[in-house]
Amino acid sequence: MNASTVPMESSKLVLLLSLLYILLFQPSLSAAQPNFSNYDCTSNNVRNYTTNSTYQRNLNSLLSSLASDTQIDYGFYNLSVGEFPDRVNAIALCRGDIAVDVCRSCVNNSTRKILEVCPNQMEAFGVYSLCMIRYSNRSIFGVVDKKPLVYMANGMSVLDATVFNQALQTLFARLRAKAASGNSLKKFASGNQSAGVETIYATVQCTPDLSEEQCSSCLLDVFRLIPNCCGGNVKGKIGAKLNYPSCNLSGYMAPEYAMQGHFSVKSDVFSFGVLVLEIVTGKKNSFRNGDDIEHLMSHAWRNWREGTAQNIIDPVLSNGSAAEMIRYIHIGLLCVQENIADRPTMASVVLMLSSSSLTLQIPSQPAFFMTSHTYQSNMLSSLGLSESEHISLSRNEVSISKLYPR
């Protein structure tokens, strides 16, 4: 089938998927710096500074020094400029496992973005995925600052919350001790822990100006927030990050995020593949299939492998070409391969979506493949629980990024 004969429903779906890619994964063409994941300018109720004031000149000088620093190679910047009452104190901190050039680029972006989003503020806090920055007219060095709390969360639920939480607690205790015992240049730890058939990857970090006791206490406080904070949007989710200005905790089940310490371009491909499968099947990433609890990737892979992919197409798409819909499932499965190298580039994905004559590679078993019902029944039984006691799946499967004042 060539492009000119693609049915109208299929053409609309191609357009929708292409627009989703552009809106969600293409960087902004107009922004000089990427947007913060979170930022806060008002939590501590500080006053504004006036234009052309001594404080503004000190702040601009300080941020310029941070952006141009090529001596620091350990990811922690702390600097003060000026005298009271116009003294500006600042801290910038990169994730403890990223490359020096990536860190410097992130800090450089943050020094520019913070002035854009918090104009004339005497105190501000901005967070990227790989670095954060904060400045204030008050003393912030060697002080545990727990306001504001900002968080990000993936709305997808884990298969077994009890097993996941037990594994997360074990992993966190190990990482907290390791990070707190770090030196004055770095207090960071990362690791993983088996949670049944799943694996949790986590990182914890403190600003290195804190003492061992301060770091340990700060991390413990943020970990204890998980069960009840953030409107219930963190507990039992497959990925979350909680940030205090002085310490942070992140836990993920995205393979390359923790194994390599950062998201790759192919992480966007993975996320897009999940979206494709959700759109074509009309199902969430985790869903009930009769008495079973299924993960969409496992469900789609099993049906594609067994030649029954047509059975999982959303009925609202039934007027379209079944062959085209199965092709989209095929493309989605290619995007969610566990091995990053096996995933196509987004440019290739766009070509696959727009040209039905292009031959597709055979996908391997996707990441997180599992036979959930058998595993859960056995696991719950071993814990003395019935399936009715299993925590229900979240209805909200979107990614969340919010400020959460305390």
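Worth a mention:
- Residue-count net charge about ILE114 - beta-carbon cut-off 15 Å; Lys, Arg +1, Asp, Glu -1: 0
- Remark: ASP160, ASP73, ASP101 ranked as ASP101, ASP73, ASP160, counting other beta-carbon atoms within 10 Å and listing the fewest first.
- Loop-located chymotrypsin sites (Phe, Trp or Tyr not before Pro) in the range 74-172, at most 16 other Cβ atoms within 10 Å (DSSP): TYR74, PHE141
- Debye-formula intensities of the range 38-136, expressed as log10 I(q)/I(0) at q = 0.25 Å⁻¹, are -1.36 (one equal scatterer per alpha-carbon, no solvent).
- Relative contact order of the range 149-261: 33 percent, from C-alpha pairs under 8 Å at least 6 residues apart in sequence.
- Per-residue Cβ neighbour counts within 10 Å put SER194, SER105, SER217, SER157 in the sequence SER194, SER105, SER217, SER157, beginning with the fewest.
- Convex hull volume per residue in cubic angstrom - Cα atoms of the range 81-187: 150
- Charge tally around ALA92: other residues with Cβ under 11 Å, Lys/Arg +1 each, Asp/Glu -1 each, net +1.
- For THR70, net neighbour charge (Lys/Arg +1, Asp/Glu -1) across residues whose Cβ lies under 14 Å away: -2
- Going from the fewest other Cβ atoms within 10 Å to the most, the residues ARG57, ARG138, ARG327 appear in the order ARG138, ARG57, ARG327.
Only the coordinates and a few stated rules stand behind these numbers; no lab work does. Not measured: the values here are computed from a predicted model. So basically every Cβ, Gly included, is an ideal-geometry build from the backbone, and we count neighbours across all protein chains shown.
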